[in-house]
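Engineer: Handing you this structure, nothing more for now.
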Amino acid sequence: MRKVQRKSVKARTLSPLKKALTGIEGLDTVTDGGFPRGRATLICGGPGCGKTLFGLQFIINGIALGEPGVVISFEETADDLTKNVASLGVDLDKLVRSKKLAIDHVHIDRSEILETGGFDLAGLFVRIAQAVSSVGAKRILLDTVEVLFSGFSNQGLLRAELERLFRWLKDHGLTAVITGERGEAALTRHGLEEYISDCVLSLDHRVTDQVTTRRVRVVKYRGSTHGTNEYPFLIGERGISVLPITGVGLDYQVSESRVRTGAPALDEMLGGKGYFRGSSVLISGTAGTGKSSLAASFAVATCARGEKCLYFALEEPATQVVRNMKSIGLDLQPLVDQGLLSIVAARPTLVGLEQHLVAMHVAVERVKPKALVVDPISSLVSGGNAHEVKSMLVRLFDYLKRKGITGLFTYLSAARGLEETDLDVSSLTDSWIELRDVDRSGERNRALYILKSRGMAHSNQVRELLITNHGLELVDAVVGPQGVIVGSARVAQLAEDQRAARNRQQSAALRQRELERKRRVVNAQIEALRAELSASEEELRREVDDSEREDSAAREQQLRMRQTKLGARRPSNGKP
Amino acid sequence: MSAAKKKAKARTKAKAKRAAPSRARSRNSEEWWELRLYVAGKTALGIQAFENLKRVCEEHLHGRYRIEVVDLLVNPTLARGDQILAVPTLVRQLPPPIKKIIGDFSNTERLLVGLNLRQLKV
């Protein structure tokens, strides 16, 4: 019958469902704008799930939005409630005094009550009506209405009265939140979902590997789209935050600008400019390969530009990070003092994975950094299984990209020299730098590779990473006959190379001198031979001249003789 | 507040007066029953409850009781003080301990238990 009625109502009104913002971070996104206005929302869950807090925050945030509220508490007194939310920085007393909030604690003591026949809950109605009218409430929280079931034995009557109550709330246009204890098989122990079915939220509290995570799920939401997943939420200093949703799309703005890595030589390797702003960088490597140092250098470089950096230390306390980095010439303390660097240390196993994510979100919202360092993300694996960690990191990366924050994450690889991460996060990151230790001839040295760097020219050569007391240095690795040579072997190789070069140089000079000498000898010989030759030539010429002279003398002699013989006969004819 | 409601209140007050004899609190040895009946408007349940209660009191506690009727529609704020949820509710303020008896008192036996009168009857 009720259903038929509701359907007809739905058919008549074509305007979308009006909603009341919950003001709870993330929940308004999941519910696409809040709880249904003028209707009741059921929040069910086991003990310690945060049902009451959810409800209270809805009321308190409503007051901030200008909608006075009423809290009908069946379990806790007004004093208790006030104390409970005081830690969130909300003063309920003040709200009550300023007539924006009315709290009525409905106490039911079974031992005091004796049933002697028919009754109704008009007393409760009167009290609710009185509270509502006293502040002009628009919102109401009934926490936990199921207590009534333990107070009265006539269940049939109680159900009829509850149904009347919910109808009454609706008739008065109140946006109600009703909390209910989780039942064995059903959502609530007493089947409240039968009466409140416009919007049902289920809270959960799960323990995995001794770590608890709270989750919320929108079971149903009539007439509205809503996120269907289970969303982790955190009860933090600012109340409840439901975890931002897995990236709805990949539509963020990308930046062309670059940020320095903190190691000039690494900038050089990355096309001379460093990482892209807003990109995610993964630095993987085995223990002691200098991941944290590289991360800290990046943090320092960020602060040096006057930008804020948030450093999540998941393995060391903040003071230790500062001390350790000082030893390599990175003084973080002044940056911390200036408020540029915020180091947040958290033990990975202390809280659930999602809580870490929320903690990061909260810190990011608070600090508003330009760069975020998480050192190392691999330790988060201890807080959940690899799949969960990956999904969390996807969300984190997504969130950072959306905010344009450069994220640098270190990852402790288990297997030596393997270019893979257990988390398979490498595909999510834009730049991936691997640090490897090269263990040769009795010493370990660090080699740095850029495995990938999307969208920029980058060096594909290996470099040796030197951690010195004045920061990080990268040196060109020496390639020897057995591959890359690093460390003292590199130094030795260099010396060897120099010696060989010197030797080569020396022998060349020697040969040169020898050659010179030979040349001189040859030249001398040539000279001698030439002298000899010219002497011979001279002699020959002389002989020739002599013979010529003799010849001409002879010819003259002959001629004279012939002239004398022929002088009498033919003086004009010289030849026969 | 409507005039009708005021009238209703006046009536219930009058009834209460009739039910409580004037020699109230005059005796020391005997126990005294201080009863307060919460109703919400002049409903059938409320009237029935009052009549049942009066009958039982007259029968068992003649001259040793006083019934105050509170109409929550008239005085809604009073519901908080005595933690009233259901109506009709009879709050037995005396003799101690405080006991709440809810319903229209159609179950006389239970009403007598609630009024601490059961042993009288046995």
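The values are calculated or read from the model by the stated rules, or taken from the named source; none is laboratory data. No experiment lies behind these values; they were computed from the predicted model shown. Neighbour counts run over all protein chains shown; Cβ positions are idealised from the backbone, glycine included.
Engineer: Quick one: in segment B:31-46, which of the residues that are surrounded by 16 or more Cβ atoms within 10 Å (Cβ to Cβ) and assigned to a helix (DSSP H, G or I) is farthest from the other protein chains (Cβ to nearest Cβ)?
Structural biologist: Only one residue fits best here, namely B:GLY46.
Engineer: Okay, moving on. Criterion first (under 38 Å from the mean Cα position of the chain (by Cα) and either more than 14 Å from chain B (Cβ to nearest Cβ) or at pLDDT 90 or above (or both)) does A:VAL216 satisfy it?
Structural biologist: yes
Engineer: Go through segment B:43-57 and give me each residue that's in contact (Cβ under 8 Å) with a residue 24 or more places away in the chain, over 22 Å from B:ARG80 (Cβ atoms) and out of contact with any Asp or Glu (no Cβ under 6 Å at 6 or more places or on another chain).
Structural biologist: Of everything in segment B:43-57, those that are in contact (Cβ under 8 Å) with a residue 24 or more places away in the chain, over 22 Å from B:ARG80 (Cβ atoms) and out of contact with any Asp or Glu (no Cβ under 6 Å at 6 or more places or on another chain) turn out to be B:PHE50, B:ASN52, B:LEU53, B:LYS54, B:VAL56, B:CYS57.
Engineer: Could you list, in sequence order, the residues of segment A:317-339 that are on the phi < 0 side of the Ramachandran plot, out of contact with any Ser or Thr (no Cβ under 8 Å at 6 or more places or on another chain) and not polar (S, T, N, Q)?
Structural biologist: Result: A:PRO317, A:ALA318, A:VAL322, A:ARG323, A:LYS326, A:ASP331, A:LEU332, A:PRO334, A:LEU335, A:ASP337.
Engineer: Still on this model: Which condition number in (1) in contact with a Pro (Cβ under 7 Å, 6 or more places away or on another chain); (2) within 13 Å of another protein chain (Cβ to nearest Cβ); (3) surrounded by fewer than 22 Cβ atoms within 10 Å (Cβ to Cβ) is the one that A:GLY136 fails?
Structural biologist: (2)
Engineer: Mind checking which residues of segment A:267-285 are within 22 Å of A:ILE328 (Cα to Cα) and surrounded by fewer than 19 Cβ atoms within 10 Å (Cβ to Cβ)?
Structural biologist: Selection gives A:GLU268 alone.
Engineer: Considering each of A:ALA185, A:ALA176 in turn, give the residue that is hydrophobic (A, V, I, L, M, F, W, C), assigned to a loop (DSSP other than H, G, I, E, B) and away from chain B (no Cβ under 14 Å).
Structural biologist: Unique residue meeting the criteria: A:ALA185.
Engineer: So which pairs qualify, if the first residue must be in segment A:89-110 and more than 14 Å from chain B (Cβ to nearest Cβ) and farther than 25 Å from B:VAL91 by Cα, the second must be of a type in the set (Asp, Glu) and in a loop (DSSP other than H, G, I, E, B), the Cβ gap must be under 8 Å, and the two must be at least 6 apart or on different chains?
Structural biologist: Final answer for the pair search is A:GLY89/A:GLU237.
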